[in-house]
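The structure appears right after this line, and notes come after that.
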Amino acid sequence: FILPLSSAQALVIGTSQNNPPFSSASDEKGHFYGFDIDIMNEVCKRIKAPCTYKTLIFNEIFTELMSNKIDIAIAAIIITADRNLYFLFSIPYLESNAQFITQKQSPINTPEDIKNKRIGIRQGTPFASVAHKIYGNQVSIIEFDEVSDLYDALKQDKIDIILTNDASARYWYANNSDLYKLIGTQIPTGEGYGIIANKGQEKLISRVNEALLHMEEDGTYLSIYTRYFQD
């Protein structure tokens, strides 16, 4: 049994509107779907907290949290040492990895070919650090606000390749295998994806963790996972 939050504590949840398979907006009325959304909806149900979603550009999530404009966020946010300095994270709810993806007709075919190329990443993610760790200063990093901006830039030849989270790259590849190809294998990044809140919200994160653990124990997590991912 999970103790509910105060009945008065409705939660405003920050999320991304266009990052399948994690979260996508189904309409303009704040309705969303995706793996992250199904996980968060189940958490909200179990902690008996009324929850509403707020669409944000990924990098805005952190400033909105710090200014208390949202209570919590779920948006394929990778747990990192730097972020742990400023925010509280739930236990990881999914392994986090990075993956390169580019156009099918690109001359890039191996990780070695990425040297001296332009890599597109979503602003606010740790992927610039991942790229520099592999290639040093032998690559150029170009940042974009949204995932869709990355693929538009790739199509318009403004970048040569994208570095994004593995699940997102595999989603785009699986749904458009005639347009894209994956380069190399997944790259372990961070400590998993976590639900994030401000420091001082220990009680809230504790309840979220209890809900996640119970979801794993009773099979609910696996049921949600298999809707979106195939191992």
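The values are calculated or read from the model by the stated rules, or taken from the named source; none is laboratory data. Values in this document were obtained by computation on a predicted structure and should not be read as measured data. Methodologically, a virtual Cβ is constructed for each residue, glycine included, from the backbone with ideal geometry; neighbour enumeration extends over all protein chains shown. Calculation scope for accessible area: heavy atoms of the full protein, side chains included, ligands and nucleic acids excluded. Shrake-Rupley method; radii C 1.70, N 1.55, O 1.52, S 1.80 Å.
Side notes on the structure shown:
- For region 204-231, taking the residues that are over 30 Å from ASP113 (Cβ atoms) and among the acidic types (Asp, Glu), the one that is least open to solvent (accessible area, probe 1.4 Å) is identified as GLU210.
- With respect to the conditions (1) modelled with pLDDT of 95 or more; (2) among the basic types (Lys, Arg); (3) part of a loop (DSSP other than H, G, I, E, B), LYS29 falls short on a single one, namely (1).
- Check on SER7, at pLDDT below 95, outside any loop (DSSP other than H, G, I, E, B) and either within 23 Å of ASN165 (Cβ to Cβ) or small (Gly, Ala, Ser) (or both): no
Table: residues versus (1) open to solvent by 40 Å² or more (accessible area, probe 1.4 Å); (2) over 23 Å from THR15 (Cα atoms).
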{"site": "ILE121", "(1), (2)": "no, no"}
{"site": "LYS133", "(1), (2)": "yes, yes"}
{"site": "GLY136", "(1), (2)": "no, yes"}
{"site": "SER148", "(1), (2)": "no, no"}
{"site": "TYR151", "(1), (2)": "no, no"}
{"site": "GLN156", "(1), (2)": "yes, yes"}
{"site": "SER168", "(1), (2)": "no, no"}
{"site": "ASN176", "(1), (2)": "yes, yes"}
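- Filter result for THR185 (open to solvent by 10 Å² or more (accessible area, probe 1.4 Å), polar (S, T, N, Q) and either in contact with a strand residue (DSSP E or B) (Cβ under 7 Å, 6 or more places away or on another chain) or part of a helix (DSSP H, G or I) (or both)): no
- Residue match in region 191-203 (condition: open to solvent by 70 Å² or more (accessible area, probe 1.4 Å), part of a helix (DSSP H, G or I) and either farther than 19 Å from TYR93 by Cβ or not β-branched (Val, Ile, Thr) (or both)): yes
- Members of region 70-91 that are more than 14 Å from PHE22 (Cβ to Cβ) and in a loop (DSSP other than H, G, I, E, B): ILE70, ASP71, ILE79, THR80, LEU85, TYR86, SER90, ILE91
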